[in-house]
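The values are calculated or read from the model by the stated rules, or taken from the named source; none is laboratory data. All values derive from a computational prediction rather than experimental measurement. Here the Cβ positions follow ideal geometry from the backbone for every residue, glycine too, while neighbour counts run over all protein chains shown. Calculation scope for accessible area: heavy atoms of the full protein, side chains included, ligands and nucleic acids excluded. Shrake-Rupley method; radii C 1.70, N 1.55, O 1.52, S 1.80 Å.
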Amino acid sequence: MRTREAILDGAMVAFAQQGYHAVTVKDIATAAGYTAPSLYNYFGSKEEIFAALLERLFRVFIGIYDEPVPSGLSFAQRLELMIRRHLDEHLRQSDAFVLFMKAQLAAMPSEELARWKHQAFEAYIDRLTRWIEESASGEELAPYGARTLAFQLWGTMFADFARMLLGEDLEADPAAHTQRIVSLFLHGIRGGST
């Protein structure tokens, strides 16, 4: 298990630095500290490594919704905590985050990975929808409902994260990013207090 994780760690670095198409299995092996033939004991191809890496990243981000939340928080406070956890994960795994964002923006190298990406997105939206249902009152969900709000929240977070990825937003303070996302989601372009 440790070898497989080391391979994925090396792959994450290689893919983030060079992009999917430029990376070879040898590049991944070098980054992981192994020989290329040894990687085939764990993965059948570069695509399989990429898929396993995306799956690992997906589990990390979807796992945020299962982390405990202190009782007594308002929806806005729960939202702020969840977004901050996303941003903290981004900072902990910046190479992985870059890869995850690029994978969201790019066409997948195969139909199989494209189907996985679609299924993963659906699963993420489903989990975010459940999180909103668990975190907000009926009044806070009206008139749109949790699923519509999940898409809107995902879009707001994705837009902010994409600006960071593209280097257009040099604000390094995660608290400022968190406040902007919460404010835009809850109050729209006119802003307001959270």
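The numbered conditions (1) open to solvent by less than 40 Å² (accessible area, probe 1.4 Å); (2) more than 21 Å from the chain's Cα centre (by Cα); (3) without any contact (Cβ under 8 Å) to a residue 40 or more places away in the chain are all true for Phe75 except (3). Residues in the stretch 23-61 that are exposed (fewer than 15 other Cβ atoms within 10 Å of the Cβ) and of a type in the set (Asp, Glu): Glu55 alone.
When the stretch 1-22 is filtered for residues that are open to solvent by less than 40 Å² (accessible area, probe 1.4 Å), farther than 15 Å from Phe43 by Cα and free of Cβ contacts under 8 Å to residues at least 60 places away in the same chain, only Ala14 remains. The residue that is surrounded by the fewest Cβ atoms within 10 Å (Cβ to Cβ), among those in the stretch 107-152 that are in contact (Cβ under 8 Å) with a residue 40 or more places away in the chain and more than 30 Å from Phe50 (Cβ to Cβ), is Ser137. Filtering the stretch 84-92 for residues that are without any contact (Cβ under 8 Å) to a residue 60 or more places away in the chain, farther than 30 Å from Glu140 by Cα and surrounded by fewer than 18 Cβ atoms within 10 Å (Cβ to Cβ) leaves a non-empty set.
In the stretch 6-21, the count of residues that are over 30 Å from Ser183 (Cα atoms) and in contact with a Ser or Thr (Cβ under 7 Å, 6 or more places away or on another chain) is zero.
In the set (1) open to solvent by less than 60 Å² (accessible area, probe 1.4 Å); (2) modelled with pLDDT under 95; (3) over 17 Å from Met12 (Cβ atoms), Gln104 fails one condition alone, (3).
Every residue, every condition in (1) closer than 24 Å to Pro70 by Cα; (2) modelled with pLDDT of 90 or more, yes or no:
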site	(1), (2)
Ser135	yes, yes
Thr156	no, yes
Asp160	no, no
Arg163	no, no
Leu166	no, no
Asp169	no, no
Ala176	yes, no
Phe185	yes, yes
